[in-house]
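The structure appears right after this line, and notes come after that.
All of the numbers you see were taken from the coordinates with simple rules; none came from a lab. Since this is a predicted model, take the numbers as computed values, not measurements. Cβ atoms come from the backbone with ideal geometry, glycine included; neighbour counts cover every protein chain shown.
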């Protein structure tokens, strides 16, 4: 599996127009930046009210939408200058904890070296469900170590900024002992430990050698998950913003219905 597979898959689906979907204006990027904020406010408000299960659900959605925003910043798909994309990643590092610049390094390697030993991020996709659960706490540590070891001095500088922001948030929680801040830190640490499962394994597990990734055909599921499970389409055309992957999926299905019919889904059609 790798770039040859991506090229082969593109050949199988024929000519699909995608370049018209790429352009993003800065105001489009600003809208993307707003997605996590209502969920963050909801999680803090629910935690303050002691409604922990609802707060956890809101935190999950906040982390999901923050992953989407970070993912767009990694690929430069927000319509901003490169420096502004990096600022977005720094800000998200403070909220999500961990270094999103390290995540960027490994995610871009995932695209370049899909399914190879150099694909640190995608390795979890080749595990069983129970293996990936056990791997969960090690996954972010391994990704950060690989980015630090193999990255450039400039990347390590950006990672230091991310770590300083992490420490500032954790210190604020420990010094003030504010229950909402303590809850947020705990929720983000749990989310980081589950990232291997719901951000990698769920879209790559049990794929055949000539498969790239799973996708999702349910409009309801895609709406609820902010298009994050249209992962095959993303690997084929990573320059297309996530918000437009649904359009791309329809074009692929129209161009090659026999190929689309054999695609592996994240969730079965009965989910919507």
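Summary table
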{"read-out": "log₁₀ of I(q)/I(0) at q = 0.07, 0.10, 0.12 Å⁻¹ - the chain, Debye sum with one point per alpha carbon", "value": "-0.25, -0.52, -0.75"}
{"read-out": "Gaussian network model of the chain, springs between alpha carbon atoms under 10 Å - residue of 244, 19, 156 with greatest fluctuation", "value": "19"}
{"read-out": "Base-10 log of normalised Debye intensity for the range 209-272 (one unit scatterer per alpha-carbon) at q = 0.20 Å⁻¹", "value": "-0.73"}
{"read-out": "Average Cα contact separation per residue, the chain, under 8 Å, 6 or more apart, as relative contact order %", "value": "25 percent"}
{"read-out": "Centre separation in Å (Cα based) which lies between the range 1-74 and the range 87-102", "value": "14 Å"}
{"read-out": "The range 42-94: relative contact order in percent, alpha carbon pairs under 8 Å with at least 6 residues between", "value": "24 percent"}
{"read-out": "Helix-derived mean residue ellipticity, 222 nm - over the chain, DSSP H n ≥ 4, -39500 (n - 2.57), to 500", "value": "-20000 deg cm²/dmol"}
{"read-out": "Of every Cα-Cα pair in the range 95-135, the percent that sits beyond 16 Å", "value": "46 percent"}
{"read-out": "Cα convex hull of the range 156-268, projected area averaged across orientations, nm²", "value": "9.7 nm²"}
{"read-out": "Rg ratio (alpha-carbon, reference 2.2 N^0.38 Å) - the range 32-113", "value": "1.19"}
{"read-out": "Sorted by Cβ density within 10 Å, fewest first, the residues 231, 75", "value": "75, 231"}
{"read-out": "Förster-model FRET efficiency, 22 Å R0, residue 262 and residue 130, C-beta, rounded to 0.05", "value": "0.20"}
{"read-out": "FRET efficiency for residue 154 and residue 177, using Cβ-Cβ distance with R0 set to 35 Å, rounded to 0.05", "value": "0.40"}
{"read-out": "Most fluctuating residue given options 59, 99, 218, as computed from a GNM of the chain linking Cα atoms under 10 Å", "value": "218"}
